[in-house]
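Below: one structure, written as structure tokens.
Bear in mind that the values in this text are calculations on the coordinates, not laboratory data. Only a predicted model underlies this, so the values are computations on that prediction, with no experimental measurement involved. Here the Cβ is made from the backbone with ideal geometry for all residues, glycine too, and neighbour counts use every protein chain on show.
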């Protein structure tokens, strides 16, 4: 009698499993920075297409890049584009699709300071290289003549964990400072010349808010949501721009004019009057000719939706939507994915 | 019926045996996989890995000396702070506290162990670090010249890490120390009191008797401190540098793994991180094995000398002779080191 009951339960479980297998499940993983907007998109897409379930593991850009090469995930996500070496290691051609924009802002803690500070790229590079060590250094005073800067030491705070946020920051510094490029370079994790490391955006902002005289960098979204004051940065056109959703989108729009066909471009230090110089894309990685055609069709459709209807969810979550000219270019690239 | 019970017995024995073997195999498998996955880095750097200070993921140069320094330094500091406190707690609970206090104290001490590491980290970052920063700012100028206290007052650094680690280690050391103190046979204590020992002298006797177990407890705490990750990475400053200063931000092996592993791309980088993991794994395995050996040897020692032969070295060796007659306990004479059963004249220390 007991044995029959066990059999019945087993059969029912099997039936349940096969019935639920009608759903299509697509697995992806990668960058943590766009995770909030990606989850919103997956949830909204699931409402429109209840038979599609997209799973995303927010484990970091490194995870996204390595796992798509190993084909343990169908799509990857990364804050930094894959290097040519990484791409040749892949068993097929991988396409990059920019999905949203991110930006880094310089946050600092000077007790008693009311106005926002102005920075230039070379100044930030010198501070993070350890060449400028005091707040009342003439270089800083020149850019902020009306501000009463104290004579205290500058305490530099950077990220201890590997991150796309770091990637954007050091990418910008490498572009405007040859010394940075030679001494430190660009990666999600670098050998910082000076400073203490905080874990995550929350670690950096925690350290900066508690340590008088400190300077660090965090994601724009993080600064906005946590009401942290940050400085403005001078862009290529010479204007001091404060990071905002519009100035970040302007950076992408300006960079679109010289966008390579594979979208693997850094848009830091973008030209244009209103462009914020420390902005960056975050990419979705897809094979051009994947084996599972059904999943390819669904992902292709999802990306199309995310680049059009999906962009309206960006602003509420604090992400800058893509400019139209970039979206148009991406639609053309999307069409090259072999879905049949 | 007996056939069924016999086969049930077999199934039970084999089944639980399988689980036991499975655990051993799992640990071995972890070690083997760590070894295999770090081959690239071992082949490329060899022993230089542990002698260089540069950790540069961009250029592909990896040297892990600052991490091993930070791990050992923070753990040893934590031990120095935690051991007296933990032993004090253990002694108080097992010897001095009235019985109504014992249970709540045990519970509260073990509650410290139940707090998740990340919660310690967050508390450390928002409460301990500002406090330590104030301490560092307030150090008198003469102290700042000593290398141990030199450096700008970041707040985050070795001192904060050592304090947090010591708080986390206290419950482990104190609970094992409490257990080994309880394992001191009652006859030993009664013998001491019968000879007129004061409370403190009896406690000293018990501590001496249980010394191997206490060393084991301390080493267990050490092993715990070695592997502590989240709490340390929030307060240590995460800077790969070797410095004797308590105020300097430094880095530990567990912290660098937690921070850099998810984003690490590139086979050499990942292999270098896994090599650090391998060494950390080996270190904690060795330290924990030694500590267990010490703790178990106390159990054996207790069973071997049941209530007889007080193994105390005493300055009053003159009291030795009258006691030779108690060889009836079965303890060989050479085990009665220095003093014998009843080494102290009554009333004197």
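Summary table below
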read-out	value
Neighbouring partner chain Cβ atoms per residue of A:205-212, average, 10 Å criterion	4
FRET efficiency, residue B:115 to residue A:257 (Cβ-Cβ, R0 60 Å, nearest 0.05)	0.65
Coordinate range along principal axes, alpha carbons of the range A:1-105, Å, largest first	66, 31, 22
Sum of -39500 (n - 2.57) over DSSP H runs of 4+, divided by residues of chain A (222 nm, nearest 500)	-12000 deg cm²/dmol
Degrees, to the nearest 10: B:99-114 long Cα axis against longest axis of chain B	20
Equivalent ellipsoid semi-axes, the range B:99-250, via Cα gyration tensor eigenvalues times 5, rooted, Å	37, 19, 14
Spacing of the two label points (7 Å from each Cα toward its C-beta) at residue A:309 and residue A:24, in nm	1.6
Residue-averaged 222 nm ellipticity for chain B, from DSSP H runs of 4+ at -39500 (n - 2.57), nearest 500	-21000 deg cm²/dmol
Cα convex hull volume per residue for the range B:124-175 (Å³)	84
D_trans [Stokes-Einstein, Kirkwood Rh over alpha-carbon pairs] for the range A:136-209, 25 °C, 0.890 mPa s, µm² s⁻¹	178
For the range B:7-49, average projected area of the Cα convex hull in nm²	3.4
Whole-Å semi-axes of the range B:182-229's equivalent ellipsoid (Cα gyration tensor)	31, 9, 6
Antiparallel bridges, percent of DSSP beta bridges restricted to the protein assembly as shown (to nearest 5)	60
Ellipsoid semi-axes in whole angstrom, largest first, where each is sqrt(5λ) of the Cα gyration tensor of the range A:26-162	42, 19, 12
Debye log10 I(q)/I(0) for the range A:178-328, one point scatterer per Cα, at q = 0.10, 0.16 Å⁻¹	-0.47, -1.09
Part-to-part distance (alpha-carbon centres) for the range B:202-216 and the range B:146-167, which is given in Å	32
Value of Rg to Rh for the range B:202-252 (Rh from inverse mean 1/r over Cα pairs, i.e. Kirkwood)	1.23
Cβ-based exposure ranking for B:260, A:330, in which fewest neighbours within 10 Å come first	A:330, B:260
Whole-number D in µm²/s for chain A (Stokes-Einstein; Kirkwood sum over Cα pairs; 4 °C, 1.567 mPa s)	60
Over the range B:34-142 - Rg/Rh using Cα atoms and the Kirkwood inverse-distance radius	1.14
The range A:260-315: C-alpha gyration tensor shape, a/c 1.5 cut-off, then a/b vs b/c	oblate
Distance in nm between pseudo-label sites at residue B:204 and residue A:146 (7 Å out along the Cβ direction from Cα)	7.5
Tail weight of P(r) past 22 Å, computed on alpha-carbon pairs of the range B:1-83, percent	60
Pairwise centroid distance, computed over Cα atoms, of the range A:74-111 with the range A:166-221, Å	17
Unit Cα scatterers, Debye sum, chain B: log10 I(q)/I(0) for q = 0.11, 0.13 Å⁻¹	-0.91, -1.07
Estimated FRET transfer efficiency when R0 is 30 angstrom, pair residue B:51-residue B:289 (beta carbons, to 0.05)	0.70
Inter-chain shielding of B:153-160 (mean C-beta neighbours from other protein chains, 10 Å cut-off)	3
Label point 7 Å beyond Cα of residue B:36 along Cβ direction - residues of the range B:248-291 with amide nitrogen under 20 Å	B:266-282
Euclidean distance between Cα centres, the range A:227-245 to the range A:281-340, Å	29
Protection proxy ranking of B:140-147, B:85-92 - average other beta-carbon atoms within 10 Å, highest first	B:85-92, B:140-147
Angle between chain A longest axis and helix A:35-48 axis [Cα atoms, degrees, rounded to 10]	30
DSSP-defined antiparallel bridges as percent of all bridges, chain A, nearest 5	60
Peptide ranges A:292-303, A:158-169, B:45-56, A:198-209 listed from the most packed, as the mean C-beta count within 10 angstrom indicates	A:158-169, A:198-209, A:292-303, B:45-56
Kirkwood Rh and Cα Rg combined as Rg over Rh, evaluated for the range B:177-295	1.21
Partner chain coverage, peptide A:59-67 - average Cβ within 10 angstrom	4
Pairwise label distance in nanometres, residue B:100 with residue B:7, each label 7 Å out on the Cα-Cβ vector	5.9
Folded to 0 to 90 degrees: helix B:199-209 orientation relative to chain B principal axis, Cα	70
The range B:143-219: radius of gyration and largest Cα-Cα distance (Dmax), Å	19.2, 58
Length-normalised contact order of chain B in % [C-alpha pairs under 8 Å, at least 6 apart]	23
Radius of gyration and Dmax over the Cα atoms of the range A:198-251, both given in Å	12.4, 34
Stokes-Einstein D (µm²/s) once Rh is taken as the Kirkwood radius of the protein assembly as shown over alpha-carbon pairs, at 37 °C in 0.692 mPa s	111
Paired Rg and Dmax values of the range B:237-285, which use every Cα atom, in angstrom	12.1, 35
